[in-house]
Amino acid sequence: MRDGFMNINDSQQNNQKFVIDFFKLILILGVVSIHSNVLNNIKVPTDCVGYLIVELLSVKLTLICVPCFFILSGYLFFRNISHFNVTIYKNKLKSRFYSLILPYFLWNVIALILTIVKIEFLNFPSYGLIENHELSIFKLIEGFIDYTNGYPYAFAFWFIRNLIVFVVASPLVYLIIRKKWVIILLLLPMLILDIDLYGLEYFIIGAWLSVHFRNFQINGVMANTLLIIWLSIAISSLYIEYDNNAVVKFVSVICAFLSLPYIISKHIEQIDNRLSQVMIKSTFYIYAFHQLYCTVTQKFYINIFGLNTSLGIFLSYLLSFITLVGSSFILWLICKRLCPTVLKILGGNR
């Protein structure tokens, strides 16, 4: 396989699915790493080795994860669509109701219940949801969209919330990408003025790649070069704060998106095994479960190891990450055994 997943013939469909699924797994593990960052809102000397390691693993390298997910979502949404019409739009909305909207609602209900428990028994802030032990109906409803700081109860599902909006707006996206050059009118002002479109820009890029570059090829030299550029930006940004610049971030995301699938495809014989297949099946559930207790997990290890030494910082992060991934995986296995039908509904038939 010479080109990741962007130009694969019929005989390679199984490999194509594996490349995409394994890419998703890597991105989800990156998201968990972000949520394992024990340094959030804590001031630590920037010359501390532990700080630099955790900053690299949970911030700098993982900066590309969510944007790459948006690109991949746009790419897959418009894959194999030569002409976008009302029938296709209706079918897409119907399928996304079960894969996006229903899981989004159900996981937010679960997160809401846990939020109430945390407020009542763990002294978590209520953000207006409960005042004097009385539940605010308005805040309860609002929390499914924005509970606090722009995040719903199931805070990691802000991505799915935004994706639902993008799917609904897909006819507009198609109008933007119909002409190959029109996307430049969107990207240039966005990059120059540092405009944040909440991920829509990356969804559009994925759709654009799907429509206009189905036969796009990438070779080993190009893939390795792009990989080096992404890694170099991540490492150097530990010392030079420029990775949040729109242009630099865009370059990092595109480099990672184009290079990682190629790297996966080149090593498919080594990584396509029973363990990876099982992990792939659990990908969505690791994403869904871990958000329910990541803050509690971080606090647990911080209380044990502290953040006063490099070792304490690193162990707090590493064990938080391992615990979140491992416990989410075990919960998936338990639910798969005890309530497979419920689990399938929660996972959007995944």
Give me the Kirkwood hydrodynamic radius of the range 19-172, using the inverse of the mean 1/r over all pairs of distinct Cα atoms, in Å to one decimal. 18.1
Let me have the relative contact order for the range 66-215, percent, based on Cα pairs under 8 Å that are six or more residues apart. 44
Between ILE228 and TYR98, what length comes free when the chain is fully extended (0.36 nm per residue of separation minus the Cα-Cα distance, one decimal in nm)? 42.9 nm
Give the value in nm², to one decimal: projected area of the alpha carbon convex hull of the chain, averaged over all directions. 19.6
Label point 7 Å beyond Cα of GLN270 along Cβ direction - residues of the range 48-63 with amide nitrogen under 19 Å: none
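Keeping the other protein chains in place, figure out the carbon and sulfur percent of the accessible area of the chain, with a 1.4 Å probe.
About 64 percent, which is the carbon plus sulfur part of the accessible surface.
Could you calculate the FRET efficiency of PHE300 with ILE110 from 1/(1 + (r/R0)^6), where r is the beta carbon distance between them and R0 is 30 Å, rounded to 0.05? Spell out each step's value before the answer.
Values: r = 21 Å, r/R0 = 0.69.
Efficiency, rounded to the nearest 0.05: 0.90.
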Please report Rg (one decimal) and Dmax (integer) in Å for the Cα set of the range 23-99. 18.6, 57
At 222 nm, what helix-only mean residue ellipticity would the chain give, in deg cm²/dmol to the nearest 500, using -39500 (n - 2.57) for each DSSP H run of four or more? -21000 deg cm²/dmol
Could you list the residues of the range 295-337 with an amide nitrogen less than 18 Å from a label point located 7 Å from the Cα of LYS43 in the Cα-to-C-beta direction? 307-309
Just for the Cα atoms in the range 100-210, what are the lengths along the principal axes, largest first, rounded to whole Å? 56, 30, 21
Counting only C-alpha contacts under 8 Å and six or more residues apart, can you give the relative contact order of the range 163-242 as a whole percent? 30
In the Gaussian network model of the chain, springs joining C-alpha atoms below 10 Å, which of CYS65, CYS294, CYS339 carries the largest mean-square fluctuation? CYS339
Under a plain spin-label model, where a point goes 7 Å from the Cα along Cα-to-Cβ, how far apart in nm are THR87 and ILE330? 5.1
Span-like helices, the chain: DSSP H, alpha-carbon axial extent 20 Å or more, mean Kyte-Doolittle 0.5 or greater, which ones? 13-34, 102-121, 220-236, 246-266, 310-338
Per the rule of 0.36 nm per residue minus the C-alpha distance, extending VAL182 to LYS281 adds in nm 31.9 nm
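Let me have the relative contact order for the range 125-283, percent, based on Cα pairs under 8 Å that are six or more residues apart. Please list the in-between numbers first.
Numbers: 92 pairs, mean separation 23.8, N = 159.
Across the range 125-283, relative contact order equals 15 percent.
In what sequence, highest mean first, do 137-143, 19-25 appear when ranked by Cβ atoms within 10 angstrom?
Numbers: 137-143: 13.7, 19-25: 20.3.
Averaged packing, sorted descending, gives the order 19-25, 137-143.
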Which lysines have a Cα lying under 23 Å from the Cα of LYS43, excluding residues fewer than 8 positions away in the same chain? LYS60, LYS299
Hey, if you drop one equal point scatterer on each alpha-carbon of the range 167-261 and run the Debye formula without solvent, what base-10 log of I(q)/I(0) do you get at q = 0.11, 0.18 Å⁻¹? -0.37, -0.94
Can you give the translational diffusion coefficient of the range 271-345 in µm²/s, computed by Stokes-Einstein from the Kirkwood radius over Cα pairs at 37 °C and 0.692 mPa s? 241
Simple SL model, points at 7 angstrom along Cα→Cβ for ILE53 and ASN215; separation in nm is 4.9
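The values are calculated or read from the model by the stated rules, or taken from the named source; none is laboratory data. Here the structure is a predicted model, which is why all the values come from computation and not from measurement. Positions of Cβ are backbone-derived with ideal geometry, glycine not excepted, and every protein chain shown enters the neighbour counts. What goes into the accessible areas is simple: the full protein's heavy atoms, side chains included, and nothing from ligands, DNA or RNA. Shrake-Rupley method; radii C 1.70, N 1.55, O 1.52, S 1.80 Å.
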